[in-house]
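Read-outs throughout are calculated quantities, based only on the coordinates presented, and are distinct from any laboratory measurement. Predicted model, so just to flag it, every value in this text is computed and none were measured. Note: ideal-geometry Cβ built from the backbone for every residue, glycine included; neighbour counts use all protein chains shown.
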């Protein structure tokens, strides 16, 4: 085992060295090493969390901002963070060095004009310094290390884990990102003891049950829900720990728009204007709506599930309860399904064995 780990480490270092040579040949020896990150704004959300919708909303409100979409996945030469099939999956790291490939790629975007990188969108009408938005959904377990290294304003997108997983499973197979590698990393002591120091035992017990589920779709869907819930827990702790990090959710944008506007204003800084606020508000419910009316937005919050059956939803909800990761205060009572004794899901049977 030691020899295998040593060889894997050597192979990983060699791959990173080769990538660095190609990267520096394309962009220059010092590309991505500058610490001038004042314009960068990181928007991070998992696939299926409506982070794309949030990014488009911010772009409408910031006409002079530039934006890069998933640069870790799209940078050339292609970035590979590990020696496994999921090239952008990574173990959890609290710290990474300044020359780490992910850090260099993101820092490069602060000097995108000099590097001749084309943003996803840029309608700059002035020469003034304007925000450079980075929307990213890859390598969530490197997020804390990236935040610590870059120290830039970061907005982390929360969403109900069941709805997030349902959205992922509704995509074509080639587009699904299922945390197959990260699922095992999320169960390691380095992650659990850091983000769930008092509540990790139910998570490990539930993960053990999932390993014995034979139905592949059910296993993957429940692992996806658990992974998303754990990453959400990480997001909330990062926001509590680092002053320049905030969380926002699709649900809170519609239920508490005024509170969400304050978060967006703090995230963008002095480039956030009254026009920016008006643009966002035009996409959200009338703030004068009553709390009851605001919660009754089926076209946004309570739309039918795309992929999961009622039985599958009930199992996912029960899993979150079993793990102590069900948080109705954040997401609201979005479902009323309860797991039953005659459920067709394997999880329903195995949890009481």
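Numerical summary
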read-out	value
Segment residue 29-residue 95, length gained on full extension (0.36 nm per residue, minus Cα span)	21.5 nm
Label-point separation in nm, residue 216 to residue 60, each point 7 Å along Cα→Cβ	4.0
Per residue, the convex hull volume that the Cα atoms of region 159-274 enclose (Å³)	143
Overall Cα dimensions of region 12-55, principal axis frame, Å, largest first	36, 28, 16
Cut-off 20 Å, label 7 Å out along Cα→Cβ of residue 176, residues of region 59-88 by amide N	85-88
